[in-house]
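Here's the structure we're looking at; comments come further down.
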Amino acid sequence: MKDLIEAILDRGPLHRYADPFGALNLAVMEEGDQLQWHFDQTDFVVSLAIQSAAAGGDFEVVPRLRDAEDEHYPDVAAVLNGEHTRVTTLAMMPGTLLIFEGRYSLHRVSPIRGTRRRHVGLLAYDTKPGTIGSALLRQDRYGRTEPYAEPPEAWPPRAGAA
């Protein structure tokens, strides 16, 4: 997969995100869930839609809102304050393959509505080896900071599971 993404982007070698949680995961969202506006820790994210929510769950993005030289705080603030003329909205239908620059593109997932869960596979890549998120990010996003030594016997895992 990495070779395919490298060939599509033509930006040189890519490296798998070194974070044990964020390199590859399945995002499952249900009624009322949403993902607020944010930037990613990695240069590129590949999203593969597996199952759509009954309603909502759209991917909203402002491509390349910031860059390595300038955070563009006034532009970010404008989006956060409701200025959405630069926002692109993409429905994530099963089979949708999306490659985007997560580090520089402000993005979110709109609220999920209905009883069908939204499932999206996420793969993260960076142009630098060894990129990893903070313990705070892992705790906030995944509910823990260390990976399990062995897969849990049941899901969700019981409190205190190793």
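The values are calculated or read from the model by the stated rules, or taken from the named source; none is laboratory data. As the structure is a computational prediction, the values presented were derived from the model and not from experiment. Neighbour counts run over all protein chains shown; Cβ positions are idealised from the backbone, glycine included.
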>> Just to be sure I understand, how many residues within the stretch 29-82 are crowded, with 17+ Cβ neighbours inside 10 Å and aromatic (Phe, Trp, Tyr)?
In response: 2
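Can you name every residue in the stretch 71-98 that is under 22 Å from Ile8 (Cβ atoms) and aliphatic (A, V, I, L, M)?
The initial filter retains those residues of the stretch 71-98 that are under 22 Å from Ile8 (Cβ atoms), namely 88, 90-98.
Those that are under 22 Å from Ile8 (Cβ atoms) and aliphatic (A, V, I, L, M): Leu90, Ala91, Met92, Met93, Leu97, Leu98.
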> Which one of Thr96, Thr85, Thr145 is modelled with pLDDT under 95 and surrounded by fewer than 19 Cβ atoms within 10 Å (Cβ to Cβ)?
Replying inline: Thr145
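Which of the following residues is on the phi > 0 side of the Ramachandran plot and touching a Gly at 6+ places or on another chain (Cβ under 9 Å): Gly56, Gly32, Gly22? I'd like the intermediate steps shown before the answer.
Numbers: Gly32 fails: touching a Gly at 6+ places or on another chain (Cβ under 9 Å); Gly22 fails: on the phi > 0 side of the Ramachandran plot.
Answer to the selection: Gly56.
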>> For Leu26, only one of the following conditions fails: (1) surrounded by fewer than 16 Cβ atoms within 10 Å (Cβ to Cβ); (2) modelled with pLDDT of 95 or more; (3) of a type outside the set (Asp, Glu). What is its number?
In response: (2)
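If the requirement is being in contact (Cβ under 8 Å) with a residue 24 or more places away in the chain and within 16 Å of Tyr17 (Cβ to Cβ), which of these qualifies: Leu123, Leu97?
On the way: Leu97 fails: within 16 Å of Tyr17 (Cβ to Cβ).
Result of the check over Leu123, Leu97: Leu123.
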>> Among the residues of the stretch 133-142, what is the count of those that are among the hydrophobic types (A, V, I, L, M, F, W, C) and surrounded by 11 or more Cβ atoms within 10 Å (Cβ to Cβ)?
In response: 2
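So, Arg118, is that one of a type in the set (Lys, Arg), modelled with pLDDT of 95 or more, within 15 Å of the chain's Cα centre (by Cα) and on the phi < 0 side of the Ramachandran plot or not?
So Arg118 fits the description; yes.
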> Got a number for residues in the stretch 29-46 being assigned to a loop (DSSP other than H, G, I, E, B) and either under 18 Å from Arg108 (Cβ atoms) or modelled with pLDDT under 95 (or both)?
Replying inline: 9
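With Ala77, Ala49 as the choices, which residue is of a type in the set (A, V, I, L, M, F, W, C), more than 13 Å from the chain's Cα centre (by Cα) and either at pLDDT 95 or above or in a loop (DSSP other than H, G, I, E, B) (or both)? Don't jump to the end; show me each part of the working.
Details: Ala49 fails: more than 13 Å from the chain's Cα centre (by Cα).
Unique residue meeting the criteria: Ala77.
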